[in-house]
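Asks: Here it is, the structure, as structure tokens.
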Amino acid sequence: MDTIEAPARLVDHHCHGVARHALTEARFASYLTESDAPAAPGTTFFDTQLGFALRRWCPPALGLPAHCPAADYLARRTELGTDETTRRLLRATGITDLLVDTGLSGGLTTPARLATVSGARAHEIVRLETLAEAAADAAGSAQELVTLLASGVHDAAGTAIAFKSVIGYRHGLDFAPEPPTDQEVRRAADRWLAGRRPGGRLTDPVLLRHLLWTAVATGRPLQFHTGFGDPDLRLHRCDPLLLTDFLRAVRPTGCPVVLLHTYPYHRNAAYLSHAYAHVHTDIGLAVPHVGARALDVLAETLELAPFGKLMFSSDAYGLPELYLTATRLFGRALGRLLSGWVDDGAWTAGDARRVADLIASGNARRVYGLEPAGA
Amino acid sequence: MDTIEAPARLVDHHCHGVARHALTEARFASYLTESDAPAAPGTTFFDTQLGFALRRWCPPALGLPAHCPAADYLARRTELGTDETTRRLLRATGITDLLVDTGLSGGLTTPARLATVSGARAHEIVRLETLAEAAADAAGSAQELVTLLASGVHDAAGTAIAFKSVIGYRHGLDFAPEPPTDQEVRRAADRWLAGRRPGGRLTDPVLLRHLLWTAVATGRPLQFHTGFGDPDLRLHRCDPLLLTDFLRAVRPTGCPVVLLHTYPYHRNAAYLSHAYAHVHTDIGLAVPHVGARALDVLAETLELAPFGKLMFSSDAYGLPELYLTATRLFGRALGRLLSGWVDDGAWTAGDARRVADLIASGNARRVYGLEPAGA
Amino acid sequence: MDTIEAPARLVDHHCHGVARHALTEARFASYLTESDAPAAPGTTFFDTQLGFALRRWCPPALGLPAHCPAADYLARRTELGTDETTRRLLRATGITDLLVDTGLSGGLTTPARLATVSGARAHEIVRLETLAEAAADAAGSAQELVTLLASGVHDAAGTAIAFKSVIGYRHGLDFAPEPPTDQEVRRAADRWLAGRRPGGRLTDPVLLRHLLWTAVATGRPLQFHTGFGDPDLRLHRCDPLLLTDFLRAVRPTGCPVVLLHTYPYHRNAAYLSHAYAHVHTDIGLAVPHVGARALDVLAETLELAPFGKLMFSSDAYGLPELYLTATRLFGRALGRLLSGWVDDGAWTAGDARRVADLIASGNARRVYGLEPAGA
């Protein structure tokens, strides 16, 4: 038995809805990878750290032995149905609060539904680019668009727990750090609307930056996608260090900034959370994808990250299995890593338990202003 | 004993010939480093991870105790002679197939000779820049050079198992991703021939890119030097992520791309092999050079790399010792890493054995279309 | 007990003075971080790897139990007084030689005072930018400034053990590699003096480069800040690989170059020390800050760094506690790492002891021309 146990309760400060309907095997497998194409001939997405970790941790929640073949697991899933499968998996996680990015479309459960199914509290994170695209669909003119962006962000700040930006995907994190001028914003809005079809994506860096600064002004925590993701991004342009000048510019406002995912730049992100009081960091998405290596990635993050600056997230999306896999991997990695330091005499058990609770839930409660669990 | 043993048979999908003649101590030592100059005063290239690993694994193959002094080892090497030394070391490796880059000059054994000595099958990898330099030596005009490049690559595709590019050395991986136009190619060929002496190296980025796209059109797997190497390269311009836009451009052709070496960017390369179905990765060259740390570098690679996408190579060059050192380090690291995961309950033993075989040989057989061992 | 013990004696080849006067708790805590601002609300700089490591290793030197609360430790510090606290902590380190960067101001002890208190020999490292700023304070014209820079560097080379550059902070390591012309230097001196108030910092890249090349000409070892540090730098512009072309340009002079700190780019720095005979590397500053993870960072460095190229430093600054914490963490990490390789049969115990002594002191003695300990 480990000296320090995995935390029993977690706040998941960045996640997504899960599929509402039954999934084919191909669709299920597509959620196991960040690739946007079928697996290479002769290979399968189950032959990955995530595939193996899912087969370890999820079958027991559905009454099957760990590591059963994928086909048996999928058959059992079908037998139980989507709702019961989702309920069992989510209820096994120990998550008390879900901060749900609602910016993805595609038949996913709402935060309210996630709350009902999981028994956790759910809070909405508003994705800035999705908000802007909805505004563009509604706006009749550039001036109207600018007005809708302002009111949209203002209104969202009243209900959402945080904002999220995917400027890393849409442009790269190497954007100009200062706010654009009003004139630049109006011109960019004109250009965008002129060339846009309904539903068209926002990639204009002026408008992306304008959204960031509009969100910063509300003081709500601002999450950034950084590090790896699907092939829509160029990874070397998602190094969180590219945000350095923006972080310096935001610093006087006091607005909290949260660097999501961060892998393989998690040491760089940890440095930023060390150097800047308003910056926090995370290894969500990485944890389920690196599977048996979660402890090592966590350990690298805990080199420079102050213990009050790292938070747990799953970045689960589509499959409820990703929630359970992420929480099991993270909790176990955290417990074991700290146990090793305690057993070695490097840390006290009391300090280790306190730090485990900060990372699992305490830091997120403080940064996002959440009520205590069970309150 | 480890739960999962080192694989008994390996495909070495990227290696080079070994010296045909007896070596002085200084020449032997020069093969232990990527430096191109003598060791710093007061230091020796034997005082490296590679030096220590070689002293551990090679003396027993020549009938000496592991870790014997370098002088004893070199004396025994002289006593046995180059041919017998090479035979003993290569036959101890367990390699069944050698994919030999023949693009380096300097008194090295041919693939045929390597096959005879080792008892393995040998296949040729054609280095694009070497092919182009031979064409330039033969061409009387730019037009003739362009014709010779086309026919050279076409002919090579009929006999070679793969192509290799060292554009990382000659220019950097930050090249324009699209194919150059015919006019650009002709002009570049003119410029090169006009300024070139016989034997002159190709560094023109237009011609380097033209070679890449000519090779892609054949559909043979295309290997890239990425990551560290000798001081002729600038390491930060050899990050495989700089290939991202080129990989996207190649994707529709289906041509397999193989990222060689990759260290210290092996996590970045693993990401590319995760995100793109046609991309494969490797930690050759790194494994012998990091010695006792091979398990850790392998483990980092196996975070994001799908298990069907990583292949073994030695990148051995000059010394047959590098073949044996690389295979022993890699096989042992792989066996131990997977044993740890099995013993921890994270993987099953059956999955681990299957993955070990994929990485040691199965993936390379599939990617390069090799026959099964013993066939 | 470990097979290989921590080295009993160390050369600290890069460190700073410690505070001469009593410290408030807030001031003490400010030395535990590279941040330049108070800790985030609800957090403390004691909740870091450095904070925990300090609480482990320093209380026993002051007669308290390891891991006692910070408040108890600070009270004991006050009780003993600054001088006695400093004496006890420094004398427990095992350091025989201190190479002290005197370029920081702010009530710090001189090298002579450090020597008296610690019982070690102290040597001065002259910071080029501090020398230039003093010259600018004294110069009445650009011509005089140029003359003072030349004489200042020449004179310092007669007494200092090494030079140090913080061009990484002042500009970034992505500077033009060649020396500026005399005319460029005069113009830059003119510009700087025209716009400068007394005490103004040097950030002009032409003058920063001129200082580097003036120092190189003396042949004294030249240290560079690389890698992480306080928020005054942009970390991605402090990757030591950005020095590649400068290192190539310096190579013919034979002037030793030492890459300091290097984290999180320590593998990149290790590569440079592998590829270039005149380049040496270090993980000072990182070791105390990563605390319980020191072994892992050291291990990554010892992948490509030849064993004659890595040196110990603390980069201690302000607190004598940082000296003791850095030496305990480094010595123990080195002993344990090498013990693991010996116990595994990868290294012999004799080789391991020899390498431990090289890294702890032998390499620094050779590079800086220090006399043997006890001489």
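The values are calculated or read from the model by the stated rules, or taken from the named source; none is laboratory data. Source: prediction; values computed, not measured. Every residue, glycine as well, gets a Cβ built from its backbone with ideal geometry; the counts of neighbours run over all protein chains shown. For accessibility, only protein heavy atoms count, side chains too; no ligands or nucleic acids. Shrake-Rupley method; radii C 1.70, N 1.55, O 1.52, S 1.80 Å.
Asks: Charges on Cβ only, +1 for Lys and Arg, -1 for Asp and Glu, centred on the Cα centroid of chain A; of A:Ala40, A:Leu272, A:Ala71, which one is farthest towards the dipole's positive end?
Replies: Value: A:Ala71.
Asks: Could you compute the net charge surrounding B:Arg121? Neighbours are other residues with a C-beta less than 15 Å from the C-beta of B:Arg121; K and R count +1, D and E count -1.
Replies: Net charge in that neighbourhood comes out at 0.
Asks: To make sure I understand the rule: partners must be aspartates and glutamates, Cα under 12 Å from the Cα of B:Lys164, and not fewer than 8 residues away in the same chain. Which ones qualify?
Replies: Leaving aside aspartates and glutamates fewer than 8 places away in the same chain, those within reach of B:Lys164 are B:Asp101, B:Glu124, B:Glu129.
Asks: Report the FRET efficiency, 1/(1 + (r/R0)^6), for B:Arg197 and C:Thr78, where r is their Cβ-Cβ distance and R0 is 60 Å, rounded to 0.05.
Replies: Using R0 = 60 Å, I get an efficiency of 0.20.
Asks: A follow-up question, please. In peptide A:352-360, what is the residue-averaged number of other protein chain Cβ atoms found within 10 Å of each Cβ?
Replies: Across A:352-360, the average partner-chain Cβ count within 10 Å equals 1.
Asks: Treating each Cα of the stretch A:101-223 as an identical point scatterer and ignoring solvent, apply the Debye formula and state log10 I(q)/I(0) at q = 0.09 Å⁻¹.
Replies: -0.25
Asks: Right, another one. Report the label-to-label distance for B:Arg237 and C:Arg234 in nanometres (one decimal), using points 7 Å from each Cα along the Cα→Cβ vector.
Replies: With each label placed 7 Å out from Cα toward Cβ, I get 2.0 nm.
Asks: Please report the Cα spread of the protein assembly as shown along all three principal axes, rounded to whole Å, starting with the longest.
Replies: Dimensions of the protein assembly as shown along the principal axes of its Cα atoms: 80, 75, 62 Å.
Asks: Just the Cα atoms of the stretch A:1-65: what Rg and Dmax do they give in Å?
Replies: Taking only Cα atoms of the stretch A:1-65, I get Rg and Dmax of 15.2, 45 Å.
Asks: Show me C:279-288, A:184-193 ranked by packing, highest mean number of other Cβ atoms within 10 Å first.
Replies: Top to bottom by mean Cβ count within 10 Å: C:279-288, A:184-193.
Asks: How big is the dipole moment of the stretch A:4-68 about its Cα centre under a simple scheme where the beta carbon of each Lys and Arg is +1, that of each Asp and Glu is -1, and everything else is neutral? Debye, nearest 20, please.
Replies: Using Cβ point charges on Lys, Arg, Asp and Glu, the stretch A:4-68 gives about 200 debye.
Asks: Farthest toward the dipole's positive end in the stretch C:233-318, which of C:His289, C:Ala316, C:Leu242, given Cβ charges of +1 (Lys, Arg) and -1 (Asp, Glu) about the Cα centre?
Replies: Towards the positive end, the residue furthest out is C:Leu242.
Asks: Along Cα-to-Cβ, 7 Å out, sits the label point; list in nm, shortest first, how far the one on A:Asp155 is from those in the other copies.
Replies: Ordered by distance, the counterparts are at 7.1, 7.1 nm.
Asks: Per residue of C:52-63, what is the mean number of Cβ atoms on other protein chains within 10 angstrom of that residue's Cβ?
Replies: 2
Asks: First obtain the Kirkwood hydrodynamic radius of the stretch A:289-375 from its Cα pairs, then insert it into the Stokes-Einstein equation at 20 °C and 1.002 mPa s, and state the resulting D in µm² per second as a whole number.
Replies: Approximately 155 µm²/s, per Stokes-Einstein.
Asks: Here is a further query. Computed on protein heavy atoms with a 1.4 Å probe, what is the summed buried accessible area for the chain pair A and B, in Å² to the nearest 100?
Replies: Buried area between the two chains comes out at roughly 3000 Å².
Asks: How far, in nm to one decimal, is A:Arg27 from itself in the other copies if the label point is set 7 angstrom along Cα toward Cβ? Shortest first, please.
Replies: 6.6, 6.6
Asks: From the label point of B:Ala66, set 7 Å from Cα along Cα→Cβ, how far away are the matching label points in the other copies, in nm, ordered shortest to longest?
Replies: With the label placed 7 Å along Cα→Cβ, B:Ala66 yields 3.2, 3.2 nm.
Asks: Taking just the alpha carbons, could you work out the radius of gyration and Dmax for the stretch C:65-109, both in angstroms?
Replies: According to the Cα coordinates of the stretch C:65-109, Rg and Dmax are 13.4, 36 Å.
Asks: Measure nothing fancy, just the Cα-based angle from helix C:128-138's long axis to the longest principal axis of chain C, in degrees from 0 to 90, nearest 10.
Replies: The angle comes out near 50 degrees.
Asks: So what's the angle, to the nearest 10 degrees on a 0 to 90 scale, between helix A:205-218 and the longest Cα principal axis of chain A?
Replies: 70
Asks: Given a cut-off of under 8 Å on Cα pairs at least six residues apart, what relative contact order in percent is computed for the stretch C:76-202?
Replies: Once divided by the residue count of the stretch C:76-202, the mean separation gives 24 percent.
Asks: Using a simple charge model, +1 on the beta-carbon of Lys and Arg, -1 on the beta-carbon of Asp and Glu, nothing else, what dipole does chain B show about its Cα centre, in debye to the nearest 20?
Replies: In debye, rounded to 20, chain B gives about 340.
Asks: Share of the protein assembly as shown's accessible area from carbon and sulfur, percent, 1.4 Å?
Replies: Reported share for carbon and sulfur atoms: 52 percent.
Asks: Quote the relative contact order of the stretch B:143-214 in percent (integer), defining contacts as alpha-carbon pairs under 8 Å separated by 6+ residues.
Replies: On the way: 38 pairs, mean separation 31.6, N = 72.
Averaging sequence separation for qualifying contacts and normalising by length gives 44 percent for the stretch B:143-214.
Asks: Now a separate question. For chain B, take the longest principal axis of its alpha carbons; what is the angle in degrees between that and the long axis of helix B:266-275, to the nearest 10 within 0 to 90?
Replies: Rounded to the nearest ten degrees, it is 60.
Asks: Another question about this same structure. What's the minimum Cβ distance from chain B to the axis relating it to C, in whole Å, and which residue gives it?
Replies: Spelled out, residue of B and its Cβ distance from the axis onto C: B:Asp296, 5.
Asks: Please compute the alpha carbon radius of gyration of the stretch B:177-226, then divide it by the globular-protein estimate 2.2 N^0.38 Å. Two decimals is fine.
Replies: Working it through for the stretch B:177-226, the quotient is 1.24.
Asks: Using a Förster distance of 60 angstrom, determine the FRET efficiency expected from the C-beta separation of A:Thr253 and B:Ala134, and round it to 0.05.
Replies: Efficiency computed from Cβ-Cβ geometry: 0.45.
Asks: Could you work out the pair-distance distribution P(r) of the stretch A:221-375 from its alpha-carbon pairs, with 10 angstrom bin width and percents rounded to whole numbers?
Replies: All Cα pairs considered, the percentages come to 11, 40, 36, 12, 1.
Asks: OK, next. Give the whole-number value, in cubic angstrom per residue, of the convex hull volume spanned by the C-alpha atoms of chain C.
Replies: Per residue, the Cα convex hull of chain C comes to 138 Å³.
Asks: Over the alpha-carbon set of the stretch B:61-170, divide Rg by the Kirkwood Rh and report the Rg/Rh ratio to two decimals.
Replies: 1.13
Asks: Per the Kirkwood definition applied to all pairs of different Cα atoms, how many angstroms is the hydrodynamic radius of the stretch B:119-168?
Replies: Kirkwood radius, the stretch B:119-168: 11.7 Å.
Asks: Moving to a separate point now. All other residues with a Cβ under 10 Å from the Cβ of B:His14 taken together, and with Lys, Arg as +1 and Asp, Glu as -1, what is their net charge? All intermediate terms of the calculation are to be shown ahead of the outcome.
Replies: On the way: positive: B:Lys164; negative: B:Asp12, B:Asp101, B:Asp282, B:Asp315.
Here the charged neighbours net out to -3.
Asks: Helix-only mean residue ellipticity at 222 nm, chain C, DSSP H runs n ≥ 4 weighted -39,500 (n - 2.57), per residue, nearest 500. What is it?
Replies: Rounded to the nearest 500, the figure is -14000 deg cm²/dmol.
Asks: Provide Rg and Dmax in Å for the stretch B:182-280, with only Cα atoms included in the calculation.
Replies: When restricted to the Cα atoms of the stretch B:182-280, Rg and Dmax are 15.0, 43 Å.
Asks: Have a look at B:Thr181, B:Ser165, B:Trp192 and report the one farthest towards the positive end of the charge dipole of the stretch B:165-209, computed about the Cα centre with Cβ charges (Lys/Arg +1, Asp/Glu -1).
Replies: B:Trp192
Asks: Charges at C-beta only: +1 for Lys and Arg, -1 for Asp and Glu. How large is the resulting dipole of the protein assembly as shown about its Cα centre, in Debye rounded to 20?
Replies: 380
Asks: On to the next question. Please average, across the residues of C:33-39, the number of beta carbons from any other chain that are within 10 Å of each residue's own beta carbon, and give a whole number.
Replies: Details: counts 5, 4, 7, 3, 5, 1, 4.
Taking the mean over all residues of the peptide, I get 4.
Asks: Over chain C, what is the mean sequence separation of C-alpha contacts under 8 Å (at least six apart), divided by residue count, expressed as relative contact order in percent?
Replies: The normalised contact order for chain C reaches 23 percent.
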